[in-house]
Every structure is written in structure tokens, then in C-alpha cells.
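Heads up: the structure comes next, in C-alpha cells.
The values are calculated or read from the model by the stated rules, or taken from the named source; none is laboratory data. No experiment lies behind these values; they were computed from the predicted model shown. Note that each Cβ is placed from the backbone with ideal geometry, even for glycine, and that neighbours are counted across all protein chains shown.
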Amino acid sequence: MKLSEIKAIFQNELSELYSKSEIEELFSIFCESFLELNKIELRHNRDKDISEIDLKKFSEAISELKTGKPFQQILGETEFYGMKFFVNEHVLIPRPETEELLELAINKIQEKSKKNQIIDIGQFEGPREPQPDNVNGFDQANSITLGLSNIPLKILDIGTGSGIIPIILKKYFPEAQIFAIDISKDALDIAKKNANFHKTEIKFIQKDYLNEVFDSIQTDNEVFDIIISNPPYIGIEENPEIEDSVKGFEPNIALFSPTSDALIFYRKIAEDSKNHLAENGMVFLEINQKLGKETLELFQNFSEAELLKDISGNNRMIFVRK
Ligand code: GLN
């Protein structure tokens, strides 16, 4: 069978679920994965004969796509911040909003490191422009670190899921000591696999953040320079608004607040930041766009607390400095 014929089958079989352009995009994603053909190469290979083995892969992908399963779960991987990450049904598929949260955190931590270095060593040549590895393709792990700071910051990520946040921070700040907690052992298995793939050392801890005392995270002092989190923030009452392709396939525990209080994680983070965030320490949070003001209010006693919008103009992040 020729590639163009498979494309026609994609269009036919998936037309009820996806638009024509979405199907086009999905087709090229699977061609890239199964045949290693990029979009431009695809155009020149319409007449390419597809082997039995690849044909089987395409037909399995179509059956899975027809159930509404996200393509990232079918492939078992996704791209985030220019890097490859493994995903499965136990972790949230990373969203572009979280790339914005990371960008904010990286910039603010760099500023902080720069200031500290001027104080510490009297001279600092300014940051080298960091480049996430594998920007042009994401099938290779790369052990090059993007080190800018030699300050051993202590960072805590709450509700790490697939581990994207600590892994990327470790790439940028290789001297940082990074702790990442999650309630789900299955999620942590994927996070560890990702950390190994990217050759980053993170201390992953299985922990029910809301119901356990803070100081079971580690044995030495319990004060962090940076606390970062993208906790489950969708209110229970918002459930009907969430697409089936999301709530039917991604872990609801990572999406929906566990109680009727959609701010429960944020309240605890604000409370814990009193005792467990260093002086001048910073907090970075992804938030529910509808609860910007309410979330910000929880941090009004800190020296800085700022509500920031994402690229779509929605209230999406909170930045706090103690
Ligand atoms: N942004 C995600 C979504 O809307 C939710 C992420 C979260 O709850 N932390 O699907």
C-alpha cells in the first residue's frame, strides 16, 4: 500500500472526530514517528510503498485515535521545551502554559543567581544564552547541562507528574538540589524514566502533599529557595466544561482539585512558604485562569506577589518573593 492511500484512510476513518487540518497534522506526526519522514519529505514520498510492519502500526494508531486517545499517549512520548519526554495515562500531557511557567522561573532564578554571584565573587560575565538540548529534534538524550549558576539552590516541585519541571530546571541549574514530589507512584515511575533519559539527578519522593506533614520531604533542613508547582486546579464544578479527550484519558487526579476548594493546594503552599521558603525565596505557580485574584490574595503577606498572564491573555501564573 502506498503512503497516499494510508493518508486517505486516515482522512476517512477519523473525519467524525477531527477536522481535516487536525487529521493532516496527526498523519504527519505518525509518519515522522513510524517512517522518520518530516513534513517536507512527506510531500515527496506520496508514492512510497509501506511495509506490512509499518502498515500494521498505522492501522493500530488509527484504531486508537478513533477512541479519542491523545496521540502523545499512543506514541508514549511528547515534546516539551524542545525536549523529548515519555508520557502515559498516569501523567498529564505537558501543556504549553507550563512552558511559560518554566520560562518565568528560569529567568527569575537567573536574575537571582546573577545578583548573588556579584555579591559572592565580585564579578560575573553575564549568563550565556541557554539552549535546551535537542531543539531540532527530540529523539536523543543529551547530557550537556545548561549551567549558568553555580549556586546550590534548593528547589521543590509539588505534583511533578512526568517530571518535566524539575528535569528542565536541573538542565539550567545543574548545581541545584532538586526535590520533586507526587502522590502517584505510577507518575513517579515515568518521571524517573524521564530523568534517567535526560541524565538529570532529581530526588523524587512519593508523598500526599495535602495530608502529610511538610518535614517528611527530607532529613536535613526543610527550607527551599524555590517552590514551584502546577497542581490540579480545575474545580469539580468545572468538570462538564472539560473535553472528554482530556478527562477521559488523562489522570483526573492531576487535573481536578481533590475537594470542592479549587485553591486547596495554593492555600497549603502559601502556608508552607511561611516556614519552608528561604528569605528572598521565590514561588512559581501555574493557576486556574478563573481564580487569578483569589489565588494572588493568598500571598498578599509576601514582599512581592504578582499575577501574570499566559500568551493567550489568561491569568495563568503567580510569582511570589518572600
Ligand atoms: N491546564 C490543564 C488543562 O486545562 C490543567 C492543568 C492542571 O490542573 N494543573 O487541561
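The table that follows gives values for the structure above.
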{"read-out": "From R43, R128, R95, residue being loosely packed, with under 12 Cβ neighbours inside 10 Å, of a type in the set (D, E, K, R) and at pLDDT 70 or above", "value": "R43"}
{"read-out": "I121, sole failed condition from (1) crowded, with 23+ Cβ neighbours inside 10 Å; (2) at pLDDT below 55", "value": "(1)"}
{"read-out": "Pick from the stretch 1-40, criterion of a type in the set (S, T, N, Q) and at pLDDT 90 or above, ranking: surrounded by the fewest Cβ atoms within 10 Å (Cβ to Cβ)", "value": "S21"}
{"read-out": "Selected residue (only one of S273, S245 is of a type in the set (S, T, Y) and within 15 Å of the ligand (Cβ to nearest atom))", "value": "S245"}
{"read-out": "Test: residue in the stretch 81-92 that is buried (at least 20 other Cβ atoms within 10 Å of the Cβ) and hydroxyl-bearing (S, T, Y)", "value": "yes"}
{"read-out": "Residue tally, condition closer than 15 Å to F71 by Cα and of a type in the set (A, V, I, L, M), over the stretch 1-58", "value": "5"}
{"read-out": "Inter-residue pairs, beta-carbon under 8 Å, first assigned by TED's automatic domain parsing to the domain that holds L101 and in the stretch 291-314, second aromatic (F, W, Y) and at pLDDT 95 or above, 6+ apart", "value": "L291/Y233; T295/Y266; L298/Y266; E304/F319; A305/F299; A305/F319; E306/F319; L308/F319"}
{"read-out": "Candidates L148, L153, filtered to the one that is touching a helix residue (DSSP H, G or I) at 6+ places or on another chain (Cβ under 9 Å), under 30 Å from V213 (Cβ atoms) and modelled with pLDDT under 95", "value": "L153"}
{"read-out": "The stretch 233-242 - residue that is of a type in the set (V, I, T) and near the ligand (Cβ under 9 Å from one of its atoms) and, of those, nearest to the chain's Cα centre (by Cα)", "value": "I234"}
{"read-out": "Scope the stretch 210-232; condition touching a helix residue (DSSP H, G or I) at 6+ places or on another chain (Cβ under 7 Å) and either within 16 Å of the ligand (Cβ to nearest atom) or at pLDDT 90 or above (or both); matching residues", "value": "L210, V223, F224, I226, I227, I228, S229, N230, P231, P232"}
{"read-out": "Helices (runs of 4 or more DSSP H) enclosed by the stretch 38-104 - at least 2 residues per element that are more than 16 Å from the ligand (Cβ to nearest atom), closer than 23 Å to H198 by Cβ and outside the structural domain of P232 (by TED's automatic domain parsing)", "value": "71-75"}
{"read-out": "Filter result (within 19 Å of I74 (Cα to Cα) and either surrounded by 17 or more Cβ atoms within 10 Å (Cβ to Cβ) or in contact with a Cys (Cβ under 6 Å, 6 or more places away or on another chain) (or both)) within the stretch 46-56", "value": "D54"}
